[in-house]
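As structure tokens, the structure follows; a few thoughts come after it.
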Amino acid sequence: MNTRLVAARVLSRVLQDGQSLTAALDNAFPSIESSKDRAFIQALCYGVCRQYHRLEFILSQLLDKPLKDTDVKALALVGLYQLKFMRVKPHAAVSETVLAARKKPWAKSLINAVLRTYLREQEGLEHKADKCQVAALSHPDWLIKQIEQDWPEQALNIFLENNQQPPMVLRVNLSKTSREDYMQLLAGQDIAAEPVSFCRSAIRLDKPVPVDLLPGFSDGLVSVQDTAAQLAAGLLDVRPGHRVLDVCAAPGGKTAHILESQQQLKELVAVDIDESRMQRVSENLQRLNLHATLVVGDAANPASWWDGKPFDRILLDAPCSALGVIRRHPDIKLLRRAEDIGQLQALQKNILQAVWPLLAPGGLMLYATCSILKQENEQQVQAFLAEHSDAVELPLLPSSSLGATDWGINGACGRQILTGESAMDGFYYACISKQ
């Protein structure tokens with residue numbers, strides 16, 4: 001088995017078929033027994049996606065005409081990524097990548113020539129890439145323009161953070177143990193970590209580790225969840241006896257955190273339109289020994305699943321462009337299109353309008369996205385407030401047990417976390433009360 005060939009085929013499914021990188025890797029991994037090989041393939045695929053626009057520019061400088069064969073193009077990008085960004089010896093990177101093209105003799109000679117020419121002319125090619133904005137930032141042009149429009153002062157840092165590997169963050173189950181005690185368990189396993197000051201359930205690891213090496217993971221002591229996502233449970237401020245609705249709940253991290261933070265709820269109903277993703281919610285809750293009412297249904301059409309009983313709290317984790325989590329899912333830069341944003345904005349509006357009647361008077365709705373675009377976030381909330389006289393924005397005040405709001409940027413409505421702030425993913429929150 002040639003690991004470069006496997007990586008190229010995975011990337012081809014992303015580039016040609018529009019498959020997510022996660023799904024493409026999940027399809028490829030069952031046939032690969034070696035964990036070392038899987039780690040290498042994953043590093044290649046994530047790396048190429050992160051640096052795709054730079055690598056593609058350099059490849060274009062090395063070719064007389066564009067490559068129509070996506071598999072061969074992906075293999076060439078895999079080769080270039082190794083030479084520029086990995087500690088693979090150049091001769092091994094070239095020979096193994098060329099060997100991966102053995103079923104296409106014409107491709108072997110082309111890839112060999114491309115990679116060897118790059119090694120000879122690397123300095124000049126990299127200088128050219130630095131002069132091209134799309135290549136230098138390794139983002140598509142439409143996204144560069146959009147981010148610069150919304151965040152002119154912070155844009156460069158956002159681009160840089162998007163191209164970094166994200167930290168691994170844990171959420172301690174505070175209903176079962178304290179963060180301090182869990183930190184001691186990590187230390188006992190020589191896993192270096194630090195607590196996050198403004199989120200009392202969060203621990204950031206110095207280096208990622210497999211979940212099966214985390215002490216107490218199978219017993220529900222801890223889960224993997226970015227700090228920004230962990231803020232939701234505190235901001236929702238659930239109380240004993242509350243009936244809570246978690247809209248677009250999959251994969252269930254926030255669902256579980258709400259249940260961990262308040263074990264005396266009347267009921268938590270979690271809704272998601274995707275049955276397979278809802279299965280992941282079920283599995284997560286089972287591991288944590290938590291219970292919720294799980295509903296497969298369309299959030300934009302509550303009449304098909306709502307029982308008519310109002311909710312005291314609603315978490316709407318709205319479907320969005322996910323541009324705040326590019327560092328975790330770098331294929332977003334390849335798959336997302338400019339025209340997607342307006343369609344997602346319309347869907348968010350439909351869901352907001354649909355679930356608002358489900359909230360009891362005096363209740364709170366927390367609107368959340370993992371986007372950094374204002375039209376999906378503060379502009380969306382502004383428009384909703386303008387259309388609903390019974391809706392009032394409230395300041396974001398987390399429950400005292402879960403942290404403080406010394407994070408994010410105050411917007412016209414809500415607060416925006418930009419990618420990389422305190423090592424967090426990009427995230428947005430706004431709290432709306434019903435009068």
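The values are calculated or read from the model by the stated rules, or taken from the named source; none is laboratory data. Note that the structure is a prediction, hence the values are computed from the model and not measured. Here the Cβ positions follow ideal geometry from the backbone for every residue, glycine too, while neighbour counts run over all protein chains shown. Quick note on the areas: whole protein, heavy atoms, side chains included, nothing else; ligands and nucleic acids left out. Shrake-Rupley method; radii C 1.70, N 1.55, O 1.52, S 1.80 Å.
Somewhere in the stretch 33-54, is a residue open to solvent by 70 Å² or more (accessible area, probe 1.4 Å) and farther than 30 Å from residue 251 by Cα?
No, the stretch 33-54 contains no residue that is open to solvent by 70 Å² or more (accessible area, probe 1.4 Å) and farther than 30 Å from residue 251 by Cα.
Among the residues of the stretch 408-435 satisfying the criterion of being in a loop (DSSP other than H, G, I, E, B) and without any contact (Cβ under 8 Å) to a residue 60 or more places away in the chain, which is most open to solvent (accessible area, probe 1.4 Å)?
We begin by selecting, within the stretch 408-435, every residue in a loop (DSSP other than H, G, I, E, B); these are 408, 411-414, 418-420, 424-426, 435.
With the extra rule that they be without any contact (Cβ under 8 Å) to a residue 60 or more places away in the chain, the set shrinks to 408, 411-414.
Working: 408: 21, 411: 33, 412: 60, 413: 8, 414: 5 Å².
Here the residue is 412.
If I go through the stretch 55-98 residue by residue, how many of them are open to solvent by 10 Å² or more (accessible area, probe 1.4 Å) and hydrophobic (A, V, I, L, M, F, W, C)?
First pass over the stretch 55-98, keeping only residues open to solvent by 10 Å² or more (accessible area, probe 1.4 Å): 56-57, 60-71, 73, 81, 83-92, 95-96, 98.
If we keep only those that are hydrophobic (A, V, I, L, M, F, W, C) as well, we get 57, 62-63, 67, 83, 85-86, 88, 92, 98.
The total comes to 10.
Quick one: count up the residues across the stretch 174-183 that are open to solvent by 80 Å² or more (accessible area, probe 1.4 Å) and in contact (Cβ under 8 Å) with a residue 24 or more places away in the chain.
The qualifying residues number 1.
Working only within the stretch 261-317, note down all residues that are surrounded by fewer than 17 Cβ atoms within 10 Å (Cβ to Cβ) and of a type in the set (D, E, K, R).
Correct list: 266, 267, 274, 275, 277, 280, 283, 287, 298, 307, 309.
What tally of residues in the stretch 1-11 results from selecting those that are open to solvent by 10 Å² or more (accessible area, probe 1.4 Å) and either assigned to a helix (DSSP H, G or I) or in contact with a Phe, Trp or Tyr (Cβ under 9 Å, 6 or more places away or on another chain) (or both)? Explain how you work it out, then say what you get.
Going through the stretch 1-11, the residues open to solvent by 10 Å² or more (accessible area, probe 1.4 Å) turn out to be 1-6, 9.
Right, trim to either assigned to a helix (DSSP H, G or I) or in contact with a Phe, Trp or Tyr (Cβ under 9 Å, 6 or more places away or on another chain) (or both) and you get 3-6, 9.
Summing the residues that are open to solvent by 10 Å² or more (accessible area, probe 1.4 Å) and either assigned to a helix (DSSP H, G or I) or in contact with a Phe, Trp or Tyr (Cβ under 9 Å, 6 or more places away or on another chain) (or both) in the stretch 1-11 gives 5.
Need a quick list: helices (runs of 4 or more DSSP H) entirely within the stretch 238-354 having at least 3 residues that are within 30 Å of residue 47 (Cα to Cα).
On the way: elements: 253-261, 275-288, 332-335.
Output list reads 275-288, 332-335.
Condition first: open to solvent by 50 Å² or more (accessible area, probe 1.4 Å) and outside any loop (DSSP other than H, G, I, E, B). Now tell me which residues in the stretch 184-203 satisfy that.
Matches in the stretch 184-203: 184, 185, 187, 188, 194, 195.
Can you tell me which residue is most open to solvent (accessible area, probe 1.4 Å) among those in the stretch 154-173 that are touching a Leu at 6+ places or on another chain (Cβ under 6 Å) and in a loop (DSSP other than H, G, I, E, B)?
154
Within the stretch 381-399, identify whether any single residue is buried (at least 21 other Cβ atoms within 10 Å of the Cβ), under 30 Å from residue 203 (Cα atoms) and among the small types (Gly, Ala, Ser), and answer yes or no.
No; the residues of the stretch 381-399 include none that is buried (at least 21 other Cβ atoms within 10 Å of the Cβ), under 30 Å from residue 203 (Cα atoms) and among the small types (Gly, Ala, Ser).
Of everything in the stretch 387-405, what is of a type in the set (A, V, I, L, M, F, W, C) and modelled with pLDDT under 95? Give them in sequence order. Quick ask: steps written out before the conclusion?
Quick first cut of the stretch 387-405, residues of a type in the set (A, V, I, L, M, F, W, C) only: 391-392, 394, 396-397, 402, 404.
Hits for the stretch 387-405 are 396, 397, 402, 404.
I'd like the residue in the stretch 250-259 that is touching a residue at least 60 places away in the same chain (Cβ under 8 Å) and open to solvent by 10 Å² or more (accessible area, probe 1.4 Å) and, out of all such residues, is nearest to residue 348 (Cα to Cα). Let's see the steps before the verdict.
Going residue by residue through the stretch 250-259, those that are touching a residue at least 60 places away in the same chain (Cβ under 8 Å) are 253-254, 257.
Adding the requirement that they be open to solvent by 10 Å² or more (accessible area, probe 1.4 Å) leaves 253-254.
On the way: 253: 20, 254: 19 Å.
Going through the qualifying residues, I end up with 254.
Scan the stretch 196-216 and report the pairs whose first residue is more than 16 Å from residue 406 (Cβ to Cβ) and whose second residue is of a type in the set (Phe, Trp, Tyr) and surrounded by 13 or more Cβ atoms within 10 Å (Cβ to Cβ), with Cβ atoms within less than 9 Å and a gap of 6+ or a chain change.
Taking only residues 6 or more apart or on different chains, the pairs are 203/182; 211/217; 215/182; 216/182.
Residue by residue through the stretch 14-36, note down the ones that are among the hydroxyl-bearing types (Ser, Thr, Tyr) and more than 22 Å from residue 209 (Cβ to Cβ).
First, the residues of the stretch 14-36 that are among the hydroxyl-bearing types (Ser, Thr, Tyr): 20, 22, 31, 34-35.
Selection gives 20, 31.
Being open to solvent by less than 10 Å² (accessible area, probe 1.4 Å) and free of Cβ contacts under 8 Å to residues at least 40 places away in the same chain narrows it down to one of 375, 343, 348, so name that one. It would help to see each step written out before you state the result.
Numbers: 375 fails: open to solvent by less than 10 Å² (accessible area, probe 1.4 Å); 343 fails: open to solvent by less than 10 Å² (accessible area, probe 1.4 Å).
When all the criteria are applied, what remains is 348.
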